[in-house]
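The values are calculated or read from the model by the stated rules, or taken from the named source; none is laboratory data. Predicted, not measured: the structure shown is a model, and the values here were computed from it. Here the Cβ is made from the backbone with ideal geometry for all residues, glycine too, and neighbour counts use every protein chain on show. In case anyone asks, the SASA skips ligands and DNA or RNA and just uses the protein heavy atoms, side chains included. Shrake-Rupley method; radii C 1.70, N 1.55, O 1.52, S 1.80 Å.
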Amino acid sequence: MTLGTMFAQVTDYANRADPYPLYAEMRKTPVTLQDDGSYVVSTYYEVRSLANDPRLSNDVRNRDPGADGPATGEEDTNLPPSFLLQDPPGHDRLRNAAMRPFGPPHSPRFLHDMRGELAQVVADLLDALEGKDEIDVVDDFAYPLPVTAICKVLGVPREDEARFHGWADTVASGLDPSGGASGVEKAQAARRELGSYLADLIDTKRRHPGSGILGPLARETGPGGSMSATELVATSILLLIAGHETTVNLISNSTLTLLRHPEVLDRFRNEPDLVVPLIEEVLRYEPPVQFIPFTTALADIDIAGTTIPKGAPVRLMLASANRDPKRFEDPDRFDPDREDNQHLGFYTGIHYCFGAPLARMEAQLALPRLFRRIENPRLLADPPPYRANPVLRGPRHLPLAIDGLAA
């Protein structure tokens, strides 16, 4: 491995189960020029600095049209780019509009009032495991929970949830580069169908708001202006993809990590309040988003003895930064008692994860109930098979043997 091929090694599926030795090697040179012309940034303080630097752009219009890289899950469909792929002021207008019905300070109880419904979804998913001696944590639990949550956030009618689940599955599969051209085409077709459905739902919500955030957003006339219909569709799809895939990985990575650390699992069963710092440590130790693949330098940037030239693609390696020994003591140790755990698991700066409060709430509801119900869980594959996508890293399947289900 050379400095110029480090990123290619990270994206090689052969290293998906354990990329952390590669990250340790990367950190020896905090900023490296890759053979493809991109710059990889791997150390904590440098990643954090650039993530908060206005000279680094997320806007797709600033990318070299020929730039290659992992899929972002946001291609095509005649929709404007979501706020994730925009810079201020467009980013700020759209994100601020989306935040008003979603959370504080305008809607402080929105997520809190969903807790009871989501707790019931968790209970129903676990009840469905009755009678099984083998389960797949991903397919049976971690995957269906977040998409149901997104349906509730958006206000998708219950009778449409099955269709919505189908579209979500297909769109998410487009993030997997192993699917080839046919997978991309199917995902784009599903995005178009989903976009058409959402446009109709938004039109209905404009007249009859009902539950969820789409009604308030469709009628929004607050400071900064409202979203257009296409901007609202793009925002909804972003929430589906980003909120769903990251939460699936957060729950499955947490489950796998606990089973690999039985002393922590035993403690967790006896100390349910441990769930909050435990999830924060998983976000540092096994983050669901490994790196930010699509930023571009808007000017020459001098950092860590290197000049990143204007126009260069920049990749911020969040998972590597989270294990930087210059920031975290004994970083390769899983420690839910870790103090000052200012990880980058949900990124930082203006693009800090919009759905972080929802993801945290889902994981905090799911994990204690999962390990209270499943009896004597044992890993059937370690490492388990991982998703092909190198950005959104987590098990594709997580098969467990269990002795049954507690009441």
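Points to keep in mind about this one:
- Relative to the current alpha-carbon distance between Glu130 and Thr204, full extension at 0.36 nm per residue lengthens the span by 22.7 nm.
- The chain - mean residue ellipticity at 222 nm from DSSP helices (-39,500 (n - 2.57) per run, n ≥ 4, rounded to 500): -14000 deg cm²/dmol
- Whichever lysines have a C-alpha closer than 29 Å to that of Lys152, once near sequence neighbours (fewer than 8 apart) are set aside: Lys132, Lys186, Lys205
- The distance from the alpha carbon centre of the range 231-277 to that of the range 183-206 is 27 Å, rounded to a whole number.
- Contact order normalised by residue count of the range 314-364, Cα under 8 Å, 6+ apart, percent: 30 percent
- Overall, the range 232-344 carries a charge dipole of about 480 debye about its Cα centre when +1 sits on the Cβ of Lys and Arg and -1 on the Cβ of Asp and Glu, all other atoms neutral.
- Among 18-24, 241-247, sorting by the average number of other beta carbon atoms lying within 10 angstrom of each residue, highest first, gives 241-247, 18-24.
- The Cα-based radius of gyration of the range 226-267, divided by its Kirkwood radius, gives an Rg/Rh of 1.37.
- Computed on the chain, with alpha-carbon pairs under 8 angstrom and 6+ residues apart, the relative contact order is 26 percent.
- Among 113-122, 252-261, the peptide with the highest mean count of other Cβ atoms within 10 Å heads the list, and the full ranking is 252-261, 113-122.
- The range 340-402, accessible surface, carbon-and-sulfur percent (1.4 angstrom probe): 52 percent
- For Lys326, the aspartates and glutamates whose Cα falls under 16 Å of its own Cα, not counting residues fewer than eight places away in the same chain, are Glu25, Glu46, Glu339, Asp340.
- Farthest toward the positive end of the dipole of the chain, out of Pro105, Leu118, Thr307, is the Cα of Pro105, where the dipole comes from beta carbon charges about the Cα centre.
- Global form of the chain, assessed from the alpha-carbon gyration tensor, a/c cut-off 1.5: oblate
- Shape analysis of the range 227-381 places it in the oblate category; the axes a ≥ b ≥ c from the Cα gyration tensor give an a/c of at least 1.5, with a/b not above b/c.
- Per residue, the solvent-accessible area of the chain (1.4 Å probe, heavy atoms of protein chains only, all protein chains present) comes to 42 Å².
- Global form of the range 76-234, assessed from the alpha-carbon gyration tensor, a/c cut-off 1.5: oblate
- For a paramagnetic label modelled on Glu193 (point 7 Å from Cα along Cα→Cβ), amide N atoms under 16 Å away belong, within the range 150-171, to 160-171.
- Student exercise, the chain dipole from Lys, Arg, Asp, Glu Cβ charges, in Debye to nearest 20: 940 debye
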